[in-house]
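Heads up, the thing below is written out as structure tokens.
Bear in mind that the values in this text are calculations on the coordinates, not laboratory data. Keep in mind it's a predicted model, so treat the numbers as computed, not measured. As a convention, Cβ positions derive from the backbone with ideal geometry for all residues, glycine included, and neighbour counts pool all protein chains shown.
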Amino acid sequence: MNTEEVAKRVVELVRKQAWYDALDTLYDKDIVSVEARTQDGSSPETRGKENVRGKIDWWVNAMEVHSFKAGEPFVAHDRFVVQYDADVTDKGSKKRFQLSEVGVYTVKNGKIVREEFLPRV
């Protein structure tokens, strides 16, 4: 797949909240995933497909998703950007909130090798 095809497939899968399908089919085994910040002050960088699977596990177990929107991707060369908007409730605190961020992705050999999430401030 080229970058545009990967980008369109990411959007298709995350709109269905098919996080694991996206990871299993579109991500490189050595993926680097970077969050803007972490809750516990640990490194915002996660390396490797199985460790990213752990991030997905955390999200699925910690958040009740009321709505999740993914915009159409912006694509150029080996990179693409997608805006995400979500309405969620933290299952632990029962606090409901909205989040908005963009994911910036890099593709090599038809697989996502890097993703970085930048929140709206």
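Worth a mention:
- Separation of alpha-carbon centers, the stretch 1-76 and the stretch 79-115, rounded to whole Å: 6
- Under 25 Å from residue 8, Cα to Cα: lysines that are on another chain or at least 8 residues apart: 16, 29, 49, 55, 69, 108, 111
- Derived scalar couplings between HN and Hα for the stretch 34-45 equal 10, 8, 5, 7, 10, 5, 9, x, 6, 4, x, 9 Hz in order, rounded to whole Hz, by the Karplus curve 6.51 cos²θ - 1.76 cosθ + 1.60 (θ = phi - 60°), x for Gly and Pro.
- Student exercise, the chain dipole from Lys, Arg, Asp, Glu Cβ charges, in Debye to nearest 20: 180
- The chain: angle of helix 49-62 to the longest principal axis, Cα-based, in degrees nearest 10: 30
- Projecting the Cα atoms of 82, 93, 63 onto the charge dipole of the chain, computed from C-beta unit charges around the Cα centre, puts 93 farthest toward the positive end.
- The angle separating the long axis of helix 3-15 from the principal Cα axis of greatest extent in the chain is about 20 degrees.
- Cα gyration tensor category, rounded, prolate or oblate, for the stretch 30-91 with a/c compared to 1.5: oblate
- Straightening the chain between residue 15 and residue 118 buys 35.2 nm, computed as 0.36 nm per residue apart minus the Cα-Cα spacing.
- Using just its DSSP H runs of length 4 or more, each adding -39500 (n - 2.57), the chain gives a mean residue ellipticity at 222 nm of -9000 deg cm²/dmol after division by all residues.
- In a fully extended conformation the segment linking residue 72 and residue 45 would gain 7.2 nm over its present Cα-Cα distance, using 0.36 nm per residue.
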